[in-house]
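Please read through the structure below; I'll follow up with questions.
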Amino acid sequence: DHADFAKRYADMDGFVAQQFDLNLFHPADASIVMIDETGLLGLNRQPLAMGLLTGKYKGQAQTYGEGDIRSSGADWMVYFDEKGQPKKVLLDLVQDLREILTSSGHSLAQGALAWNMALSDRTLPIPGCRTVAQVEDNFGVIEKGPLNSDQMEAIDVVMRDTPFWKA
């Protein structure tokens, strides 16, 4: 997750990729610049923000089993509160972004992955999947491709005033 560290090793034999979080709520600008400058690949964790960018959370209270990471209270658990509930501000943003992300025939999850792909041709999102349907939906983004520049600009307009955008 530290572009400056990865850049130091970019010329080393066998060092070909940096893994980092990348999604609409965590755009990782420094890492995108670094992979484009050095020719490294970006392996991108959490491109669907632990499911928030799929629309599966509707704001209703969820109950998770003991030991579920969402209710762990871990300091890096930024998408959920201490009770494991999705943060309302993020659910609201998903609704604000839904039309843009789906405007070219992408599902919501595909739109989030297509945003990732539009940032750089050197990124490879690694979405989590629990069902065959999720795998098929996620891979459907390959046919539909990245978001276009108008969609990316519209997302920038929605996101520019959020506290975590371009952090």
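The values are calculated or read from the model by the stated rules, or taken from the named source; none is laboratory data. Quick caveat, the model's predicted, so the values are computed rather than measured. Ideal geometry is used to build each Cβ from the backbone, glycine not excepted, and the neighbour counts take in all protein chains shown. Only protein heavy atoms, including side chains, enter the accessible area calculation; ligands, DNA and RNA are left aside. Shrake-Rupley method; radii C 1.70, N 1.55, O 1.52, S 1.80 Å.
Give me the number: length gained by fully extending residue 129 to residue 19, i.e. 0.36 nm times residue separation minus the C-alpha to C-alpha distance, one decimal in nm. Walk me through the numbers before you get to the answer.
On the way: separation 110, 0.36 × 110 = 39.60 nm, distance 1.83 nm.
The residue 129-residue 19 span can extend by a further 37.8 nm.
Can you give the % of DSSP beta bridges in the chain that are antiparallel, to the nearest 5?
On the way: 2 of 11 bridges.
In the chain, approximately 20 percent of DSSP beta bridges are antiparallel ones.
Considering amide H positions built from the backbone, and no H for Pro or chain starts, which residues 5 or more places from residue 123, or on another chain, come under 5 Å of its amide H?
42
How much of the accessible area of the chain, in percent, comes from carbon and sulfur atoms when a 1.4 Å probe is used?
Accessible surface attributable to carbon and sulfur in the chain totals 53 percent.
How do 103, 31 rank by accessible surface area computed with a 1.4 Å probe, from largest to smallest? Walk me through the intermediate numbers first.
Details: 103 75, 31 5 Å².
Largest accessible area first, the residues go 103, 31.
How much accessible area per residue does the range 82-167 have, in Å², with a 1.4 Å probe?
On the way: 4980 Å² over 86 residues.
That works out to 58 Å² per residue.
Please list 3J(HN,Hα) in residue order for the range 146-162, calculated via the Karplus relation 6.51 cos²θ - 1.76 cosθ + 1.60 where θ = phi - 60°; whole Hz, with x for glycine and proline.
Computed from phi, the couplings for the range 146-162 are x, 5, 8, 5, 5, 5, 4, 5, 4, 5, 4, 5, 5, 8, 4, 9, 7 Hz.
Between residue 45 and residue 95, what is the label-to-label distance in nm when each label sits 7 Å out along the Cα-to-Cβ direction?
3.1
Another question, then. So what is the relative contact order of the chain, in percent, for Cα pairs below 8 Å that sit 6 or more residues apart? Provide the component values of the computation, followed by the final result.
Working: 235 pairs, mean separation 42.2, N = 167.
That works out to 25 percent.
For P(r) over Cα pairs in 5 Å bins from 0, in percent, several values are listed as (i) 1, 7, 12, 12, 11, 8, 8, 7, 7, 6, 5, 5, 5, 3, 2, 1; (ii) 1, 9, 17, 20, 20, 16, 11, 5, 1, 0; (iii) 1, 9, 15, 17, 16, 14, 10, 8, 5, 3, 1, 0; flag the one computed from this structure.
Given (i) 1, 7, 12, 12, 11, 8, 8, 7, 7, 6, 5, 5, 5, 3, 2, 1; (ii) 1, 9, 17, 20, 20, 16, 11, 5, 1, 0; (iii) 1, 9, 15, 17, 16, 14, 10, 8, 5, 3, 1, 0, the calculated one carries the label (ii).
Rank these residues by their accessible area, most exposed first, probe 1.4 Å: 152, 12, 34, 117.
Details: 152 30, 12 105, 34 5, 117 55 Å².
Sorted by accessible area, descending: 12, 117, 152, 34.
What nm value, rounded to one decimal, do you get for the distance between residue 2 and residue 88 when each label is placed 7 Å out toward the C-beta?
It is 3.7 nm.
Also, quick follow-up: Step through the residues of the range 29-42 one at a time and calculate ³J(HN,Hα) from phi using the Karplus curve (6.51 cos²θ - 1.76 cosθ + 1.60, θ = phi - 60°), rounding each to whole Hz and writing x for Gly and Pro.
3, 4, 5, 5, 4, 4, 5, 5, 6, 9, x, 6, 9, x
Okay, moving on. Where the only charges are on Cβ atoms (+1 Lys, Arg; -1 Asp, Glu), what is the dipole of the chain about its Cα centre, to the nearest 20 debye? Could the numbers behind the result be given before it?
Numbers: 15 positive and 24 negative charges, 93 e Å.
Dipole about the Cα centre, nearest 20: 440 debye.
So between residue 9 and residue 58, what do we pick up on full extension, going 0.36 nm a residue minus the alpha carbon distance? Walk me through the numbers on the way to the answer.
On the way: separation 49, 0.36 × 49 = 17.64 nm, distance 4.23 nm.
That works out to 13.4 nm of additional length.
To the nearest 10 degrees, how steep is helix 88-102 against the longest Cα principal axis of the chain, on a 0 to 90 scale?
70
Same structure again: Search the structure for amide H atoms under 5 Å from the amide H of residue 21, placed 1.01 Å from N in the peptide plane, and list their residues when 5 or more places away or on another chain.
45
Loop sites only, by DSSP: take the chymotrypsin sites (Phe, Trp or Tyr not before Pro) in the chain that have at most 14 other C-beta atoms within 10 Å and name the longest stretch containing none of them.
Of all site-free stretches, the longest is 77-163.
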